[in-house]
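Here's the structure, in structure tokens; my notes come after.
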Amino acid sequence: MSGTSLLSNPLSYEEHEQNYQNAMIALGLASKTPAERINALLEMPPGELIGKLPPSIRTAPAIDSDIVIPGVTYSGIADLGSNILPGKAWCTDLLIGDAEVDVRSFSSDIYSKYHAIY
């Protein structure tokens, strides 16, 4: 269930804001302007970025009540009468794959490819 809010509990916008503020403190960017923060994040090597963030800084979806809705549970999805996931009404097939490299976006490969494009 990777990529869904069932794997990692979503956070409210308020929790995300606090998470962001804590990340800026951990990265030494709290006193910087938004433009300076963006530049510093783009220039920071991925290993340094990940290394500076403590485990208390969470990567989680945000509850937006559109794509990520509050209160989604496995039992709610399993209930055939539930309309929590509208796709259950039209989805007839399911593709199951290996999610071994889901966190690949934290890799330096992505960083180098980003800078090669931009």
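A few notes on this one:
- Restricted to the range 79-107, and to residues there that are of a type in the set (Gly, Ala, Ser), in a loop (DSSP other than H, G, I, E, B) and surrounded by fewer than 11 Cβ atoms within 10 Å (Cβ to Cβ), the residue that is modelled with the highest pLDDT is Gly81.
- Some residue of the range 12-33 being of a type in the set (S, T, N, Q), part of a loop (DSSP other than H, G, I, E, B) and surrounded by 13 or more Cβ atoms within 10 Å (Cβ to Cβ): no
- Only one entry of Pro55, Pro46, Pro61, Pro70 meets the criterion of being within 20 Å of the chain's Cα centre (by Cα) and loosely packed, with under 10 Cβ neighbours inside 10 Å, and that entry is Pro55.
- Matching residues, the range 34-78, being charged (D, E, K, R), in a helix (DSSP H, G or I) and either farther than 21 Å from Glu17 by Cα or at pLDDT below 90 (or both): Glu43, Glu48
The values are calculated or read from the model by the stated rules, or taken from the named source; none is laboratory data. What you see is a predicted model; the values in this text were computed from it and never measured. Don't worry about glycine lacking a Cβ; one is built from the backbone with ideal geometry, like all the others, and counts go over all protein chains shown.
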